[in-house]
Amino acid sequence: MAAAKNKSILILLVFILSGLVIGGLIGELTKHVDFLWWLSYSQEFGLSTPLNLDLSIVKITFALSFRISVASILGMLAAIFIYRKV
């Protein structure tokens with residue numbers, strides 16, 4: 001029973017990530033369309049400069065940035081809706 005729940009969560013995560021990516025693509029494609037410009041409105045947040053960790057033997061660089069647009073949010077909501085119907 002627990003394995004089925006884990007697979008279900010994994011499938012939901014794949015649906016959500018796919019919705020975000022497809023929504024972001026739609027947002028980029030509609031950027032220059034006069035009546036759909038609002039789909040590309042986005043906000044970016046995260047680390048503006050990478051965080052460097054130098055341990056003399058190993059150098060590690062951390063950087064994480066998110067750019068969420070209106071189309072990405074709509075794509076994520078559509079993916080959740082499709083997941084629930086399937």
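Given the options LEU29, LEU51, LEU20, which has the most mean-square fluctuation in a GNM of the chain, springs set between C-alpha atoms less than 10 angstrom apart? Top of the fluctuation ranking is LEU51. Over the residues of the chain, the helix contribution to mean residue ellipticity at 222 nm works out to -18000 deg cm²/dmol, using -39500 (n - 2.57) for each DSSP H run of at least 4.
If I take all pairs of Cα atoms in the chain, what percentage of them are more than 20 Å from each other?
On the way: 1968 of 3655 pairs.
When all Cα pairs of the chain are counted, 54 percent exceed 20 Å.
What the Cβ-Cβ distance of ALA63 and SER18 gives, at R0 = 22 Å and to the nearest 0.05, is a FRET efficiency of 0.40. In the chain, Cα pairs under 8 Å separated by at least six residues give a relative contact order of 38 percent. Each label was represented as a point 7 Å from its Cα along the Cα-to-Cβ direction; for LEU53 and ARG84 these points are 3.9 nm apart.
Read the figures in this text as sums done on the coordinates, not as results from a lab. Owing to the predicted nature of the structure, the values given are computational and were not obtained by experimental measurement. Glycine gets a Cβ as well: all are built from the backbone with ideal geometry, and neighbour counts include every protein chain shown.
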